[in-house]
Amino acid sequence: MGTSVGSKAITLTQAVIIAGILEFTGAVVFGKQVSATLATKVANPSLFADAPQTFLLGMVAVLLSCGIWLQVATSKGLPVASSHAVVGAIAGFSWVAIGREAIAWDNIGLICLGWIITPVVSAIVAASLYSLLRYWLFEQDDTQQQLLEWIPLLSAALVAVFGVIVLPTIVQLPVFDYIHLPKRTVSLGIGFIATGGILNYAWYKFRDYRDREIELRMLERLMGKFQVMSACFVAFAHGSNDVGNAIAPLAAIVFIMNTGVVPIDSLDIPLWILVLGGLGIVAGLAVQGKKVIATVGENIISLVPSTGFCAELATASTILIASRLGLPVSTSHALVGSVIGIGLASRNQDVKWETIQSVALAWVVTLPVAGLLGAGIFSLLLLLPGL
């Protein structure tokens with residue numbers, strides 16, 4: 001939500017409320033695939049088949065080490081990646097428990113590649129979208145006509161992100177077995193409603209304005225409506241992907257306690273664990289989220305609704321595709337990459353590279369720090385009586 005708050009499209013309080021609802025929804029509806037990847041693909045669980053209690057203890061160490069590091073980073077306002085922390089902690093305890101062969105290096109390599117590609121893709125998408133908007137909308141003389149032509153396209157882009165990537169999973173929920181709707185066209189219906197509503201708003205607001213400066217201000221205000229919608233998608237995307245970082249170790253612990261065996265190839269995530277993870281994200285957002293919101297929204301570039309919209313749409317698209325593939329990528333990577341891409345594409349924006357340096361440093365050190373914490377806490381747990 002940092003870009004929406006930074007551009008003044010919504011207030012901090014509104015951001016917390018909106019994000020809380022959508023983070024929770026994304027976590028519960030769309031959070032299973034990433035959880036299964038983290039629980040079964042980072043370490044080689046088959047090597048722990050004869051020692052399920054060791055694997056369980058390791059996952060406890062993962063929860064503790066990630067919790068400690070993320071609290072430290074968030075208190076400094078750094079948008080670090082919880083996926084980095086979880087992967088590092090799992091690798092750390094696995095190395096101590098069995099050795100380096102216990103780590104699925106190929107899978108970690110793919111995950112790390114995703115971490116590198118994510119901000120680059122987001123930056124390219126955001127910069128391209130912003131360049132299109134600037135040329136075809138903000139730099140045209142006939143702003144009203146261009147706006148009426150572009151609103152359906154922008155609405156379609158938003159609905160496409162939701163309809164193509166998210167909707168197929170949502171309509172698979174059991175509740176839709178009792179609701180006979182044309183599932184493939186629900187997103188189109190939402191798109192027509194959204195487009196019609198915003199077109200009507202735009203026409204009402206712009207009909208009496210001919211002054212260029214006033215038109216541009218009104219255009220930015222209208223883009224704020226789009227930005228709030230795109231922010232909602234980012235919040236949903238963040239909940240869908242990042243909840244796996246928190247609940248994957250817990251799901252593995254619960255599975256071992258219920259079955260006495262280590263999950264090897266797949267892991268079914270109970271609904272109550274998804275709900276617990278969603279509630280945890282919402283609580284963390286409410287208590288400490290404002291510090292990271294300030295870093296992303298205000299300390300990289302100065303944002304306005306149009307640039308914030310481009311950043312959020314690019315981020316949502318990148319993260320939701322990763323969620324569909326089950327890749328534990330970083331929402332903070334994608335969003336920071338999007339903001340940087342817009343800053344580089346903009347003619348009047350200076351990227352605050354000192355902020356980027358501190359954020360990048362936090363990204364780099366998270367993996368080894370979490371690995372050392374995971375290894376250290378696991379070693380301490382082994383010293384406890386009866387373990």
**Report entry** In the range 42-55, the residues that are closer than 15 Å to V86 by Cβ and either in contact with a strand residue (DSSP E or B) (Cβ under 7 Å, 6 or more places away or on another chain) or surrounded by fewer than 22 Cβ atoms within 10 Å (Cβ to Cβ) (or both)
**Finding:** A43
Requested in this report: Please state which one of W95, W69 is at pLDDT 85 or above, open to solvent by 10 Å² or more (accessible area, probe 1.4 Å) and closer than 30 Å to G308 by Cβ.
Outcome: W69
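Which of the residues belonging to the range 242-280 are among the hydrophobic types (A, V, I, L, M, F, W, C) and open to solvent by 50 Å² or more (accessible area, probe 1.4 Å)?
Keep residues of the range 242-280 that are among the hydrophobic types (A, V, I, L, M, F, W, C), which gives 243, 246-248, 250-257, 261-262, 264, 267, 269, 271-276, 279.
The answer is A246, F255, M257, V261, I264, L271, W272, L276, L279.
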Query raised in the report: Quick one: what pairs do we get from the range 257-268, first residue touching a residue at least 24 places away in the same chain (Cβ under 8 Å), second hydroxyl-bearing (S, T, Y) and surrounded by 12 or more Cβ atoms within 10 Å (Cβ to Cβ), C-beta under 8 Å, 6+ apart or different chains?
Result: V262/S46; P263/T40; I264/T40; I264/S46; D265/T40; S266/T40; L267/S35; L267/T40
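Looking at R210, R217, which is the one that is open to solvent by 10 Å² or more (accessible area, probe 1.4 Å), under 27 Å from G6 (Cα atoms) and at pLDDT 55 or above? Break it down stepwise before answering.
Values: R210 fails: under 27 Å from G6 (Cα atoms).
So the residue among R210, R217 that is open to solvent by 10 Å² or more (accessible area, probe 1.4 Å), under 27 Å from G6 (Cα atoms) and at pLDDT 55 or above is R217.
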Report summary line: Taking the range 338-379 and keeping only residues that are in contact (Cβ under 8 Å) with a residue 12 or more places away in the chain, in contact with a Lys or Arg (Cβ under 9 Å, 6 or more places away or on another chain) and under 21 Å from L129 (Cβ atoms), one is left with G343, A345, S346
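Any idea how many residues of the range 341-358 are part of a helix (DSSP H, G or I) and either polar (S, T, N, Q) or surrounded by fewer than 24 Cβ atoms within 10 Å (Cβ to Cβ) (or both)?
To start, the set of residues in the range 341-358 that are part of a helix (DSSP H, G or I) comprises 341-345, 353-358.
Remaining after also requiring either polar (S, T, N, Q) or surrounded by fewer than 24 Cβ atoms within 10 Å (Cβ to Cβ) (or both): 344-345, 353-358.
Number satisfying all stated conditions: 8.
Just checking, does the range 102-118 include any residue being within 21 Å of G239 (Cα to Cα) and at pLDDT 85 or above? Step through it out loud before you land on a result.
As a first pass, look at the range 102-118 and keep what is within 21 Å of G239 (Cα to Cα): 111-112, 114-118.
In the following step, the residues that additionally are at pLDDT 85 or above were identified as none.
No.
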Query - The listed residue being open to solvent by 30 Å² or more (accessible area, probe 1.4 Å) and touching a residue at least 60 places away in the same chain (Cβ under 8 Å), out of L335, L382 - result: L382
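Given the residues K76, K8, which is the only one that is at positive phi, modelled with pLDDT under 85 and open to solvent by 10 Å² or more (accessible area, probe 1.4 Å)? Before you say what the answer is, go through the steps one by one.
Values: K76 fails: at positive phi.
Of the residues listed, the single one that is at positive phi, modelled with pLDDT under 85 and open to solvent by 10 Å² or more (accessible area, probe 1.4 Å) is K8.
Sort through T366, T315 and tell me the only one that's open to solvent by less than 30 Å² (accessible area, probe 1.4 Å), modelled with pLDDT of 80 or more, farther than 25 Å from L222 by Cβ and within 20 Å of the chain's Cα centre (by Cα). Break it down stepwise before answering.
Working: T315 fails: farther than 25 Å from L222 by Cβ.
Among T366, T315, only T366 is open to solvent by less than 30 Å² (accessible area, probe 1.4 Å), modelled with pLDDT of 80 or more, farther than 25 Å from L222 by Cβ and within 20 Å of the chain's Cα centre (by Cα).
The values are calculated or read from the model by the stated rules, or taken from the named source; none is laboratory data. Only a predicted model underlies this, so the values are computations on that prediction, with no experimental measurement involved. FYI the Cβ positions are ideal-geometry reconstructions off the backbone, even for glycines, and counts take in every protein chain you see. Protein only, heavy atoms only, side chains kept; ligands, DNA and RNA dropped before computing areas. Shrake-Rupley method; radii C 1.70, N 1.55, O 1.52, S 1.80 Å.
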